[in-house]
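Take a look at the structure set out below.
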Amino acid sequence: MSLTVNGLDELKKLAGSDLGTSEWIEVTQERIDTFADATGDHQWIHVDPERAKDGPFGTPIAHGYLTLSLFIPLFTELLDVQGVTTKVNYGLNKVRFPSPVKVGSRIRLTARLAEVEDVPGGAQITVDGAIEIEGGAKPAAVLQSLSRFYA
């Protein structure tokens, strides 16, 4: 369930808050193949189920950057900032992929709004996030994301 804030002043009040956990989404072979087509990364460990059976994970795995790209749709389930004109990804401070996402796995995001800073014309947020794998001992990704919201 999304937390909705109206404007930068309300956003600033959330600094340091846990934003909760998104719904689970399944990482299907079709999603992996589509990502491979979009990026040109057709490494067998992602797109060849027969060969991947004999690979280190016993099945295809999602690209790390596919897992990372799912941060935004998962994050939008957690926080909706209204009353701004523009929302942009500003970058990442750190990203790690501790555990592969096997085809058919379900993932979700747990996030914390670590910081809200003023920038010219708006605010920049720093979000600490972990993309969890259902039933997994380690997360698929841990990251610190930066986004900007302009008034």
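With all protein chains in place and a 1.4 Å probe, the accessible surface of the chain carries 49 percent carbon and sulfur.
Once you've got the Cα coordinates, tell me which of Lys13/Lys138; Lys13/Lys87; Lys53/Lys94; Lys12/Lys138; Lys53/Lys102 are over 21 Å apart. Violating the 21 Å Cα-Cα cut-off are Lys13/Lys138; Lys53/Lys94; Lys12/Lys138. May I ask for the angle, rounded to the nearest 10°, between helix 29-39 and the longest principal axis of the chain, with both axes built from Cα atoms and the value confined to 0 to 90°? That works out to roughly 70 degrees. Quick check on the chain: of the DSSP beta bridges with both residues there, what percent are antiparallel, nearest 5%? Of the beta bridges lying entirely in the chain, close to 90 percent run antiparallel.
Per-residue ellipticity at 222 nm computed for the chain from its helices equals -5500 deg cm²/dmol, with DSSP H segments shorter than 4 residues left out and the rest contributing -39,500 (n - 2.57). Spin-label model, Leu14/Glu30: points 7 Å from Cα along the beta carbon direction are separated by 3.1 nm. Applying D = kT/(6 pi eta Rh) to the chain, where Rh is the Kirkwood radius over alpha-carbon pairs, T corresponds to 10 °C and eta to 1.306 mPa s, the Stokes-Einstein value obtained is 97 µm²/s. At a probe radius of 1.4 angstrom, the accessible area of the chain per residue rounds to 53 square angstrom.
The phi-based Karplus calculation (6.51 cos²θ - 1.76 cosθ + 1.60; θ = phi - 60°) puts the 3J(HN,Hα) values of the stretch 78-84 at 9, 9, 10, 9, 9, x, 10 Hz, whole numbers, x for Gly and Pro. Computed over the Cα atoms of the stretch 74-151, the ratio of the radius of gyration to the Kirkwood radius (Rg/Rh) comes to 1.04. Within the shell defined by Cβ-Cβ distances under 10 Å, the residues around Leu70 carry a net charge of +2, with Lys and Arg each +1 and Asp and Glu each -1.
The values are calculated or read from the model by the stated rules, or taken from the named source; none is laboratory data. Keep in mind it's a predicted model, so treat the numbers as computed, not measured. FYI the Cβ positions are ideal-geometry reconstructions off the backbone, even for glycines, and counts take in every protein chain you see. Ligands, DNA and RNA are stripped out before the accessible areas are found, and what is left, the full protein with its side chains, is counted by its heavy atoms. Shrake-Rupley method; radii C 1.70, N 1.55, O 1.52, S 1.80 Å.
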